Amino acid sequence: MTKISPQAKRYKVDFIGSPACFLLDDYADYIISAFHPDFMCPYLVGSSLIKRNWRDVDVRLILTDEEYEKWELGDPQYQSQNARWRSFCLAYSVLGKQMTGLPIDFQIQQMTRANRQFKHGLRHPIGISHRRQIDK
């Protein structure tokens, strides 16, 4: 029997598992296409990255400050008071749940605020590897 060193063990990116991760990539394609297909991607954040007993799956789209303003999503500190921001978050949360079967919590964040508020938080891009395969 071959011993596997601790350094050689597979690094677990999240605790969601397959096939839900594949469905998350499909879901991410819709987000990427709607907001800016060239450089934006949604991120998996929160408890599903670090523990098995997560409550929901946090998906965040971080827009540049200019893009955030262009979409008229309101004051980043009080974004939940903006009807457009709430509508996007609700719509993409429901779409994510329908597509993946997971309890998705989707939110849009302004880059400056997200980087300041969550500068030490984990972020795992979703939809990127799936997108690369489609583009080939």
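A few remarks follow.
- Applying the criteria of a DSSP loop state and at most 11 other Cβ atoms within 10 Å to the chymotrypsin sites (Phe, Trp or Tyr not before Pro) of the range 38-108 yields Phe39.
- Beta bridges per DSSP with both ends in the range 39-135, % antiparallel, nearest 5: 45
- Residue (of Gln77, Ile108, Leu44) at the positive-pole extreme of the range 39-135, dipole from beta-carbon charges: Leu44
- For the range 39-135, the percent of C-alpha pairs falling in each 5 Å distance bin, counted from 0 to the bin holding the largest distance, reads 2, 13, 20, 25, 22, 13, 4, 1.
- Take the Kirkwood radius over Cα pairs of the range 77-130, plug it into Stokes-Einstein at 25 °C and 0.890 mPa s, and you get 192 µm²/s for translational diffusion.
- Look at the alpha carbon pairs under 8 Å that are at least 6 residues apart: their mean separation over the length of the range 47-121 gives a relative contact order of 39 percent.
- Taking the Cα centre of the range 70-118 as reference, the dipole from Cβ charges on Lys and Arg (+1) and Asp and Glu (-1) amounts to some 60 debye.
- Summing charges over all other residues whose Cβ lies under 11 Å from the Cβ of Phe118, with Lys and Arg as +1 and Asp and Glu as -1, gives +4.
- At most 15 other Cβ within 10 Å, DSSP loop - GluC sites (Glu not before Pro), the range 53-136: Glu72
A short reminder: the numbers here are calculations on the coordinates, not readings from a lab. Because the structure is a prediction, the values reported are computed rather than measured. Every residue, glycine as well, gets a Cβ built from its backbone with ideal geometry; the counts of neighbours run over all protein chains shown.
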